[in-house]
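Working notes for the structure below.
The values are calculated or read from the model by the stated rules, or taken from the named source; none is laboratory data. Just so we're clear, the structure is a prediction, and the values are computed from it rather than from any experiment. For neighbour counting, all protein chains shown are included, and Cβ atoms are generated from backbone atoms with ideal geometry for every residue, glycine included. Just so you know, the surface numbers come from the protein's heavy atoms only, side chains and all, with ligands and any DNA or RNA stripped out. Shrake-Rupley method; radii C 1.70, N 1.55, O 1.52, S 1.80 Å.
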Amino acid sequence: MKESENFIDIQGARVHNLKNVSLKIPREKLVVITGLSGSGKSSLAFDTIYAEGQRRYMETFSAYIRQFLGNLERPDVDKIDGLSPVIAIEQKTTSKSPRSTVGTITELYDYIRLLFARVGTAYSYVSQEKMVNYSDDQILQLILEEYIEKKIIILSPLIKARKGHYRELFESLSRQGFLRVRVDGEIMDLKPGMRVDRYKTHDIELIVDRIRVKKEENDLKRLIDSIKTAMQYGEESIVLIDLETEQTRFFSRKLMCPSSGISYSLPEPNSFSFNSPKGMCLNCKGLGNQFEVSRNKIIPDDSLSIEKGGIAPLGEMKSNWSFKQMEVIAKRYKFSLSDPIKKIPEQALEVILKGGKEKFSIASNSLGITRDYKIDYEGIENFIKNQFDNTDSTGIKRWAQSYMDEMRCSVCEGDRLKQESLNFKIDELNIAEVSALDLGDLYFWFENLSDKLSTNELIVANQIIKEIKSRLRFLLDVGLNYLSLNRSSKSLSGGESQRIRLATQIGSQLVGVLYILDEPSIGLHQRDNEKLINSLQSLRDIGNSVIVVEHDKDMILRADHIIDIGPMAGKNGGEIISQGSPKMLKKQQTLTAQYLNHQKKIELPKIRRKGNGKSIILSGCTGNNLKNIDVEIPLGIMIGVSGVSGSGKS
């Protein structure tokens, strides 16, 4: 290989404060760029090398595509030779989307969804029994075994515990030639205009056939046709009633509870995705949290009157429709708008907040007449909720949100998924419980999972488990064992996001790539530093070049090649003052070398400030992994918050 192919050759770099810098950076090595803050490290690594790599990548697209992407400006450098495809792993939060989690950005959750779809065992959320499903041949065989020479009714379940009068449904069935239905356990003839109580919940089943089960050819053909018809109308489920014992039995092509008859669709990976309508909790739309109107924010001070702005969204008294309705409500419940809110009758306050419709009359003794009034008010809480849910205006949504609190979803309890999805289990854990495990515990769970699966399940799951363990290993190797897959990505620190992206890149096993990292050790405890350095070295060892902008002593000393930029910061920096191995750097008289050789050190103060005697008190902190802690932080002094990575500092 030519010498030029072993190096990235940079000639005349002048980006920002770089002073016409020329240097050769060895390829397929771990290279650390160090120096004072502001000396020009990022200008060289990101604004010169990475920017040129991105520009060259863009130039590989056709002119047609580039017109939509725009052109990147060439960095202020004379020439760069030997540049590989570049990937930058910077200090920035991976995503601010509430739908993005550690599991989604590492793609681990995708593999776990696939695992649950393939080998998850379904349980009924009603009876907790294991769900069953049958093929048409199995259903026929079971009926012939259990009901031979018995008279049965074959029904299709149409409505399960839903309200409505269902007049249109009954008319449609009648037009198709059906004669009877079973409503709430009672068999009825279909009649013109038939309907049920719309305000009660109903179970409605269509009676497809009454038949005595026999093995004769004609009887068997009729039974098979009736089963197919019942399956068609019952969405792949049927109900059988033994007319002698009146016992009910459920059969389904789908997963079905043998006791209650509820059924689940056959699982697929999307059934466990909180970003898909097939899997997400419909109440919170897969977010795990929902905004609820807060009465304390609507009425922050109940000693004020409505007239004086006691109801915050309405403000002070004005001549508008809302206050006209307030006056009518005040007449109905005999209070004044000048009364403090705490003295308003509770029933009246409910109408103001929740809304109401009512007509009433008030007789005037002095005038000798009776006036009619009408309350037709949506309610302040309902109005705010409707504005938040239905508006397209960001400003109005923000206004509504100011009177709301973010609460855990009352349906899924923060698990983000439908009830059905949460009742598929592997080794007695559902997918939300698996996602809540720390990555270290999750790896241990997968290590032992093979022993808990059957032979057939293991054939299906083996490759998936192998891939999951491989990706988990990379995350553990960069010191992220304390995170869980359900951790929201917007709650991650910059260092954590960077290490997740690093682990993902290691897992991708790309070769011949130039990786540029921006202080990956930031926020990392010394306990985990070794894991990070080993991960970077493994990237190098498979045939990649790694450039790290770094101040960390351990990282500098473990590098193959060090570039020290200085001598100072800003306009006094931008020069290469030292370049070579760690041993060569220590022989120099640069600021970095003086600190590495302990010629200079950060002196501990002999006198500590006492502060001003005041303090901030935090009570009951429970964010992320904090365990209801109370903290007193003294003011007027410099405070350090320390602890191992992931202990809860941020």
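For this structure, a couple of remarks:
- If you filter the range 535-575 down to residues that are open to solvent by less than 10 Å² (accessible area, probe 1.4 Å), among the β-branched types (Val, Ile, Thr) and under 35 Å from the mean Cα position of the chain (by Cα), you find that the one that is farthest from Val21 (Cα to Cα) is Val546.
- The criterion of being under 30 Å from Lys469 (Cα atoms), open to solvent by 10 Å² or more (accessible area, probe 1.4 Å) and free of Cβ contacts under 8 Å to residues at least 12 places away in the same chain holds for Lys130.
- Of residues in the range 142-165 being more than 26 Å from Lys418 (Cα to Cα) and free of Cβ contacts under 8 Å to residues at least 60 places away in the same chain, the one surrounded by the most Cβ atoms within 10 Å (Cβ to Cβ): His165
- Of everything in the range 615-634 that is within 17 Å of Lys649 (Cβ to Cβ), surrounded by 10 or more Cβ atoms within 10 Å (Cβ to Cβ) and out of contact with any Asp or Glu (no Cβ under 8 Å at 6 or more places or on another chain), the residue that is modelled with the lowest pLDDT is Asn624.
- Ile139 being part of a strand (DSSP E or B) and surrounded by 15 or more Cβ atoms within 10 Å (Cβ to Cβ): no
- From the list Ile352, Ile369, the one residue that fits, being open to solvent by 70 Å² or more (accessible area, probe 1.4 Å), out of contact with any Asp or Glu (no Cβ under 7 Å at 6 or more places or on another chain) and either in contact (Cβ under 8 Å) with a residue 40 or more places away in the chain or aliphatic (A, V, I, L, M) (or both), is Ile369.
- Residue match in the range 393-400 (condition: open to solvent by less than 30 Å² (accessible area, probe 1.4 Å), part of a loop (DSSP other than H, G, I, E, B), modelled with pLDDT of 90 or more and at negative phi): no
- Test: Asp528 is outside any strand (DSSP E or B) and either out of contact with any helix residue (DSSP H, G or I) (no Cβ under 8 Å at 6 or more places or on another chain) or modelled with pLDDT of 90 or more (or both): yes
- Filtered residues of the range 312-349 (kept if aromatic (Phe, Trp, Tyr), within 46 Å of the chain's Cα centre (by Cα) and surrounded by 10 or more Cβ atoms within 10 Å (Cβ to Cβ)): Phe323
- Of the residues making up the range 505-517, those that are touching a strand residue (DSSP E or B) at 6+ places or on another chain (Cβ under 9 Å) and open to solvent by 30 Å² or more (accessible area, probe 1.4 Å) number 3.
- If you go through the range 105-127 and keep only what is open to solvent by less than 70 Å² (accessible area, probe 1.4 Å) and more than 30 Å from Ile89 (Cβ to Cβ), you end up with Phe116, Ala117, Val119, Gly120, Thr121, Ala122, Tyr123, Ser124, Ser127.
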